[in-house]
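S.K.: Supplied in structure tokens, the structure appears directly below.
The values are calculated or read from the model by the stated rules, or taken from the named source; none is laboratory data. Since the model is a prediction, treat every value here as computed from it, not as a measurement. Every residue, glycine among them, receives a Cβ derived from its backbone with ideal geometry; neighbour counts consider all protein chains shown. The area values use the complete protein model at the heavy-atom level, side chains included, leaving out ligands, DNA and RNA. Shrake-Rupley method; radii C 1.70, N 1.55, O 1.52, S 1.80 Å.
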Amino acid sequence: MRVLLVGAGGVGSAAAGIAARRAFFERFVVADYELDRAARAVDSLQDHRFVAAHVDASSAEAVAALCRAHGITHVLNAVDPRFVMPVFEGAHAAGADYLDMAMSLSYPHPDDPFTSTGVKLGDAQFAAEPAWHAAGRLALVGIGVEPGLSDIFARYAADHLFSVIDEVGIRDGSNLVVEGYDFAPSFSVWTTIEECLNPPVIYEKGRGWYTTEPFSEPEMFDFPDGIGPVECVHVEHEEVLLVPRWVDAGKVTFKYGLGREFIDVLKAVHRLGLDRTEPVLVGDQTVSPRDVIAAVLPDPATLGDKMTGKTCAGTLVKGLGKDGAPREVYLYHVVDNEWSMREYGAQAVVWQTAVNPIVALELLAAGIWSGAGVLGPEAFDAVPFLDKLTEYGSPWAIREH
């Protein structure tokens, strides 16, 4: 296996650090638009298998050329979703398999955005599924933590815990605090704005996919391991588009524990038009308002030593157990920031995201997972993945409700 990692930001650098402890690959190319950033990530590892490279993630041709130059077998996309399609297309053009942690962008319905879907997350990638399948190549999409591990939990529940699933509800929350900042997202603010301000999608059997208002239907969810109750609201996320394709469920939702203050800031950003991606003229320069927001906020990768607390990703499943009796469980994964910083030098949220594609790559290298076409994590056996995650030193758990 020869891996090209596109993006040496927080998640990409954490993924490289996790991979460096494993032996399943012979080459790992860390590429970024800023060569210095890629070089810093590689130099910190002191591992001859890793090399740094420059790449323009907006160019499928550049991605394909870099793949060919290094004999790449697998491309791991760790840049934000606006670059998904060129990296995805570049991998296909080079004959490489592909993994990502976020899918191609959605576009709201032009006339009825809070009831009907427009272009959904991942639609552009699933449209290319026949070409990937015909080429015998695998595009494993949405294999971060959410989407990713949360989807694997849904598959595990369907295979081993339930005879009938009424609802799969992803619930994400934390008690993370960043010292010295009133507002400091622990993940890419570009992605945070995208998923939080777009119309959230809900799936119901018989109705299909539909949308609702951002931040709707708040609920208090009690997260485990001392995190406690956090208000969760509907947010657009890939699981709702992925889970129903492989798991038979009556309803699928995603709710994120943002907190009231965080929601208020995002609403203000939206009211001022600062979530827009289209460039505006400022003096004699054109800039994207969202890029300005990202530029003035701290890089999430640099926040680890100022951060305390834990983050939890999990999947709440309701239905009938294997014995036919009503059952409700929460399958979850918690990462303590103190642990991830001590063990890997990476803050909890980026580490929790980065570990999952590395586990998936190891399963693919061993032939334990295999396939062709555009597939989500639900298309694969969950047990080897969850066993391997525990082997990596980060176990998961189940809480009965």
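S.K.: Looking at GLY169, is it at pLDDT 95 or above and either part of a strand (DSSP E or B) or over 20 Å from ASP381 (Cβ atoms) (or both)? Please lay out each step first, then the result.
M.R.: Details: at pLDDT 95 or above: yes; either part of a strand (DSSP E or B) or over 20 Å from ASP381 (Cβ atoms) (or both): yes.
When the stated conditions are applied, GLY169 passes them.
S.K.: With the structure loaded, tell me whether PHE114 is farther than 21 Å from LEU138 by Cα, hydrophobic (A, V, I, L, M, F, W, C) and either surrounded by fewer than 21 Cβ atoms within 10 Å (Cβ to Cβ) or free of Cβ contacts under 8 Å to residues at least 60 places away in the same chain (or both) or whether it fails that test. Give the steps one after another, and end with the answer.
M.R.: Numbers: farther than 21 Å from LEU138 by Cα: yes; hydrophobic (A, V, I, L, M, F, W, C): yes; either surrounded by fewer than 21 Cβ atoms within 10 Å (Cβ to Cβ) or free of Cβ contacts under 8 Å to residues at least 60 places away in the same chain (or both): yes.
In short, yes.
S.K.: Of all residues in the stretch 87-111, which are in contact (Cβ under 8 Å) with a residue 40 or more places away in the chain, more than 21 Å from the chain's Cα centre (by Cα) and within 18 Å of SER58 (Cα to Cα)?
M.R.: none
S.K.: So, one more: Out of the stretch 284-311, which residues are open to solvent by less than 70 Å² (accessible area, probe 1.4 Å) and without any contact (Cβ under 8 Å) to a residue 12 or more places away in the chain?
M.R.: VAL287 - this is the single residue of the stretch 284-311 that is open to solvent by less than 70 Å² (accessible area, probe 1.4 Å) and without any contact (Cβ under 8 Å) to a residue 12 or more places away in the chain.
S.K.: While we're looking at this one, here's another question. Which of the residues belonging to the stretch 1-10 are modelled with pLDDT of 95 or more and outside any loop (DSSP other than H, G, I, E, B)?
M.R.: ARG2, VAL3, LEU4, LEU5, VAL6
S.K.: Further question on the same structure: Out of the helices (runs of 4 or more DSSP H) lying entirely within the stretch 230-313, which hold 2 or more residues that are farther than 30 Å from GLU378 by Cβ?
M.R.: Working: elements: 239-246, 260-271, 289-296.
Filter on the stretch 230-313 gives 260-271, 289-296.
S.K.: For ASP166, state whether it is surrounded by fewer than 24 Cβ atoms within 10 Å (Cβ to Cβ), of a type in the set (Asp, Glu) and either more than 10 Å from GLU239 (Cα to Cα) or without any contact (Cβ under 8 Å) to a residue 24 or more places away in the chain (or both).
M.R.: yes
S.K.: Still on this structure, please answer the following. Can you tell me how many residues within the stretch 198-210 are farther than 20 Å from VAL269 by Cβ and surrounded by 14 or more Cβ atoms within 10 Å (Cβ to Cβ)?
M.R.: 6
S.K.: To continue, here is another question. If you check every pair at least six apart or on different chains, which have Cβ atoms under 6 Å apart with a residue in the stretch 252-265 that is more than 19 Å from TYR181 (Cβ to Cβ) first and a residue that is crowded, with 16+ Cβ neighbours inside 10 Å and small (Gly, Ala, Ser) second?
M.R.: Within 6 Å, the pairs are THR253/GLY169.
S.K.: Suppose we keep only residues that are farther than 30 Å from GLU89 by Cα and aromatic (Phe, Trp, Tyr) within the stretch 332-374. Which one would you say is surrounded by the fewest Cβ atoms within 10 Å (Cβ to Cβ)?
M.R.: This residue is TRP339.
S.K.: Can you report the number of residues in the stretch 216-232 which are crowded, with 21+ Cβ neighbours inside 10 Å and closer than 27 Å to GLY273 by Cα?
M.R.: The number of residues fulfilling the criteria is 1.
S.K.: Answer with yes or no whether VAL252 is crowded, with 20+ Cβ neighbours inside 10 Å, among the β-branched types (Val, Ile, Thr) and within 20 Å of PRO113 (Cβ to Cβ).
M.R.: Yes.
S.K.: Which residues, taken from the stretch 167-190, are touching a Pro at 6+ places or on another chain (Cβ under 9 Å) and not small (Gly, Ala, Ser)?
M.R.: VAL168, ILE170, VAL178, TYR181, PRO185, PHE187, VAL189, TRP190
S.K.: So, in the stretch 255-283, of the ones that are open to solvent by less than 40 Å² (accessible area, probe 1.4 Å), more than 30 Å from GLY208 (Cβ to Cβ) and not aliphatic (A, V, I, L, M), which residue ends up modelled with the lowest pLDDT?
M.R.: Residue satisfying both the conditions and the ranking: GLY259.
S.K.: Identify, from the list LEU176, LEU138, the residue that is on the phi < 0 side of the Ramachandran plot, touching a Gly at 6+ places or on another chain (Cβ under 6 Å) and open to solvent by 20 Å² or more (accessible area, probe 1.4 Å). Spell out the reasoning first.
M.R.: On the way: LEU138 fails: open to solvent by 20 Å² or more (accessible area, probe 1.4 Å).
None of the other options fit; the residue is LEU176.
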